[in-house]
Amino acid sequence: MASVFSRIIEGELPARFVWRDELSVVFLSNRPLRPGHALVVPRQEIDHWLDLDTSLLAHLTTVAQSIGTAQMAGFQPARVGLMLAGLEVPHVHFHVVPIRGVHDLDFGNQDANPVAAVMDDAAETIRRELRKLGYDQVSD
């Protein structure tokens, strides 16, 4: 059975995409820790990050760095956190989160009902900053 992320990638479930390329996609978490919390997901459904080909792992971290750079410019957080937990969905994904402190990386603080307008604004902020950085992988 396809993971929820595979279903999102295939367009069966909605998401706010900010990046698409041949190997990966990035969309906002629907349970964000902070505004702009993005998930970097390989198109290929792989359960555990240890099973990633090293070239795909390198690609995903490069994409995460690009997203983090856009988040720093657009949200001006203290830092951008990067996490790879792998417990929530059996499909590798990196959490890229604009943070004020380590407490912002606590999954107990997820927003289960984020405001749609805030989510839309966060997605557009990331897209705008990616465009300023010259990326053509920006997804609307």
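For the stretch 34-62, the set of residues classified as among the hydrophobic types (A, V, I, L, M, F, W, C) and farther than 23 Å from ARG79 by Cβ consists of ILE46, LEU50, LEU52, LEU56, listed by residue number. Pairing each residue of the stretch 28-55 that is within 20 Å of ILE126 (Cα to Cα) and surrounded by 22 or more Cβ atoms within 10 Å (Cβ to Cβ) with any residue that is modelled with pLDDT of 95 or more and among the hydroxyl-bearing types (Ser, Thr, Tyr), provided the two are 6+ apart or on different chains, yields C-beta distances under 6 Å for HIS37/SER29; LEU39/SER29; PRO42/SER24.
Evaluate the following for GLN110: is it out of contact with any helix residue (DSSP H, G or I) (no Cβ under 9 Å at 6 or more places or on another chain), farther than 22 Å from ARG20 by Cα and not aromatic (Phe, Trp, Tyr)?
In short, yes.
For the stretch 56-74, filtered to residues that are free of Cβ contacts under 8 Å to residues at least 12 places away in the same chain and surrounded by fewer than 16 Cβ atoms within 10 Å (Cβ to Cβ), the residue that is nearest to the chain's Cα centre (by Cα) is GLN65. For VAL25, indicate whether it is closer than 16 Å to GLN137 by Cα and surrounded by 14 or more Cβ atoms within 10 Å (Cβ to Cβ). Criteria met by VAL25.
Scanning the stretch 85-120 for residues that are in contact (Cβ under 8 Å) with a residue 24 or more places away in the chain and hydrophobic (A, V, I, L, M, F, W, C) returns VAL89, VAL92, PHE94, VAL96, VAL97, ILE99, LEU105, PHE107, ALA112, VAL118, MET119.
Restricted to the stretch 7-22, and to residues there that are buried (at least 18 other Cβ atoms within 10 Å of the Cβ) and of a type outside the set (Val, Ile, Thr), the residue that is farthest from VAL118 (Cα to Cα) is TRP19. Spot the failing condition for VAL89; the list is (1) under 10 Å from the mean Cα position of the chain (by Cα); (2) modelled with pLDDT under 95, and only one is missed. Here VAL89 clears every test but (1). When ARG100, ARG79, ARG131, ARG127 are screened for being within 15 Å of the chain's Cα centre (by Cα) and of a type in the set (Lys, Arg), only ARG127 passes. Taken together, the residues in the stretch 102-127 that are loosely packed, with under 15 Cβ neighbours inside 10 Å and farther than 11 Å from ARG34 by Cα amount to 10.
The values are calculated or read from the model by the stated rules, or taken from the named source; none is laboratory data. These numbers come from a predicted model, not from an experiment. With ideal geometry, Cβ positions are generated from the backbone for all residues, glycine too; neighbour counts draw on all protein chains shown.
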